[in-house]
Amino acid sequence: MLSSADAPRTIVTIPVYNEQKYVTKVLAEVREYAKHILVIDDGSTDDTPTLLAKQPVDVIRHAENRGYGRSIRDAFRYAQ
């Protein structure tokens with residue numbers, strides 16, 4: 001029997017880039033189904049970083065756009 005400390009956890013990872021129009025609404029929907037949310041902001045140049053700072057999610061921010069593949073690798077590294 002697994003203890004709660006050993007039980008697998010689920011994390012939802014969402015890569016974003018310049019998504020100020022949608023990010024708040026999408027995160028509100030995702031929070032209905034997931035407790036742990038990680039957003040990878042891939043160098044957004046709009047208000048996405050400001051909006052993410054107001055959300056109860058973990059954020060990894062790239063200083064510049066590095067692409068979807070890098071975002072996914074960062075998500076796996078974070079989950080480990």
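Summary table
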| item | result |
| --- | --- |
| Under 10 Å, Cβ to Cβ, from residue 12 - net charge with Lys/Arg +1 and Asp/Glu -1 | +2 |
| The chain, accessible area per residue, ligands and nucleic acids excluded (1.4 Å, Å²) | 72 |
| Environment charge of residue 41, counting only residues whose C-beta is closer than 10 Å and scoring Lys/Arg +1, Asp/Glu -1 | -1 |
| Heavy-atom accessible surface of the chain: percent carbon and sulfur, 1.4 Å | 52 |
| Mean separation of Cα contacts under 8 Å, 6 or more apart, over the residue count of the chain: relative contact order % | 32 |
| Positive-end extreme of charge dipole, segment 39-80 - chosen from 52, 75, 39 (charges on Cβ) | 75 |
| Accessible-area ranking of 31, 61, 73, largest first, probe 1.4 Å | 73, 61, 31 |
| Gain in span if fully extended, residue 46 to residue 21, counting 0.36 nm per residue against the direct Cα distance | 8.0 nm |
| 222 nm mean residue ellipticity, helices alone, for the chain (DSSP H n ≥ 4; -39,500 (n - 2.57); rounded to 500) | -9500 deg cm²/dmol |
| Rounded if a/c under 1.5, otherwise prolate or oblate - the chain, Cα gyration tensor axes | oblate |
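The values are calculated or read from the model by the stated rules, or taken from the named source; none is laboratory data. Model, not experiment: these values are computed from the prediction. Note: ideal-geometry Cβ built from the backbone for every residue, glycine included; neighbour counts use all protein chains shown. The protein model used for the area step is the full one, side chains on, heavy atoms only, and it has no ligands, DNA or RNA in it. Shrake-Rupley method; radii C 1.70, N 1.55, O 1.52, S 1.80 Å.
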